[in-house]
1. Return the percentage of antiparallel bridges among DSSP beta bridges fully within region 69-283, rounded to the nearest 5 %.
2. Highest mean first, how do 378-388, 326-336 rank when packing is the count of other Cβ atoms within 10 Å averaged over residues?
3. Which net charge results for the neighbourhood of Pro69, defined as the other residues with beta-carbon distances under 15 angstrom from its beta-carbon, given Lys and Arg at +1 and Asp and Glu at -1?
4. Whole-Hz ³J(HN,Hα) for each residue in region 228-245, computed from phi via Karplus 6.51 cos²θ - 1.76 cosθ + 1.60 with θ = phi - 60°, x for glycine and proline: what do you get?
5. Tell me the mean residue ellipticity at 222 nm calculated for the chain from its helices only (DSSP H runs of n ≥ 4, each -39500 (n - 2.57), averaged over every residue, nearest 500).
6. Kindly state, to the nearest 0.05, the FRET efficiency for Ala12 paired with Ala142, given R0 = 35 Å and r defined as their beta-carbon distance.
7. On a 0 to 90° scale, report how tilted helix 181-190 is relative to the longest principal axis of the chain, with both axes built from alpha carbons and the result rounded to the nearest 10.
8. As an exercise, identify the trypsin sites (Lys or Arg not before Pro) in region 52-158 lying in DSSP coil whose Cβ has no more than 10 other Cβ atoms within 10 Å.
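What follows draws every value from the coordinates through simple rules; no lab data is involved. All values derive from a computational prediction rather than experimental measurement. Don't worry about glycine lacking a Cβ; one is built from the backbone with ideal geometry, like all the others, and counts go over all protein chains shown.
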Amino acid sequence: MKPIGPIPPAFADQHDMLTIAGRTADAWVAEHGSPVFVYDFGGVRAQVERFRAAMPRGVRLHYAVKANPYAPLVQAIAPLVDGLDVASAGELAEVRVFKPAAAISFAGPGKRDAELDSAVRAGVTLNVESKGEARRAIAIGARLGVAPRLAVRVNPDLELRGSGMKMGGRASPFGVDAERVPALVREIVASGADWRGFHIFAGSQALDSDALIETQAATLALAARLAEESGHAPPMINLGGGFGIPHFSGDRPIDLERIGAALHETLAARGAMLADTAFAIELGRWLVGEAGVYLTRVVDRKESRGETFLVVDGGLHHQLAASGNFGTVVRRNYPVAIAHRMGQEPDDPVSVVGCLCTPLDRLADRVVLPRADVGDVIAIFIAGAYGLTASPSAFLGHPAPAEVLAGAS
Ligand SMILES: *Cc1c(COP(=O)(O)O)cnc(C)c1O
């Protein structure tokens, strides 16, 4: 039997019936059907408050919309954060109504001319990923008679990895190689564009607080060096993010307070070139991941050659990451629970499989849970980020799940 990941603290202490934002899992399913994603906005708000309390004053918090673009969630989070980071013109169109253009930035490789055009017209900041893209944005600005707001995304010569920070640059489709950045900054400034600064994103889903601290310091040092070499102070530096959340057995949460204290020191020691620079941290999963729960009902309980399968009406077409097929090398179990048996002694060895006709559709592999039967609701946690929109929902033609934002008002 294999271990399951830790249930997020907000739900971990519950006994009997899982409740999300004050209502039972069964009540959510009765109202919205199964499967359903329920996002508890109270959990999101609590993360924002933790960030504000722990990070140095003035460090801005951006939400990386691709983590969960569910419109009611973005609308609710927008007033609590200082910026929204989007990765397509589609996301831009969605979030424009929730935040002023100056608080929106657009990163991502392969921005088409139409996307650059809509971003320049809207007045949002473009984090350019290459010299070619910068030149296309400048040309579009000239045609529109608008100075485009341009920041340079840097492909840093450092990398945030699961444990420890790696120095040395790699080839990347993201960002402009650090050594090419100063010349590009000079070109952008000379073009008359509205120079916005640097975007440096060194990695994602880090749980090693020391690695995060080192990476932030190295990112700031790199930005300072690039500013000196280009001869232009950056109005803003987006320091990236990468704050991870526990998904699997043995994962520990990051020490946010220690990271904040270290960043305070790092920023206090910054050089004169960055004296007037604003700083931002962009976070996706850390803000919303733990607040989401995917609820799915057991359709069949079957035995096969000594193993028990709980077959549910959901699957990897909604929650790919829990099946281990979204960027994981070794499949491990997300936290799962039988919703009305929270806190009960696990004594039933089962695998939870989805309804898709592929052996990949396994939501929990050989775990021990309290007994569940047909009709019971299974909760899969950490479903608030990279869930539905990061899953192949058209695969096999099953109906779309409901999504609900709870506790936002
Ligand atoms: C995806 C992405 C993020 C968000 O990553 P999380 O791991 O969800 O915090 C932040 N910045 C950039 C540039 C991204 O591409």
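1. Restricted to region 69-283, the bridges split so that about 10 percent are antiparallel.
2. Answer by packing, highest mean first, reads 378-388, 326-336.
3. Net charge in that neighbourhood comes out at -1.
4. 4, 5, 8, x, 10, 6, x, x, 9, 10, 8, 7, x, x, x, 5, x, 10
5. Value at 222 nm, helices only, nearest 500: -8000 deg cm²/dmol.
6. With R0 = 35 Å, the Cβ-Cβ based efficiency is 0.05.
7. Compared with the principal axis, the helix lies near 60 degrees.
8. Taking region 52-158 and a limit of 10 other Cβ atoms within 10 Å, the loop trypsin sites (Lys or Arg not before Pro) found are Arg57.
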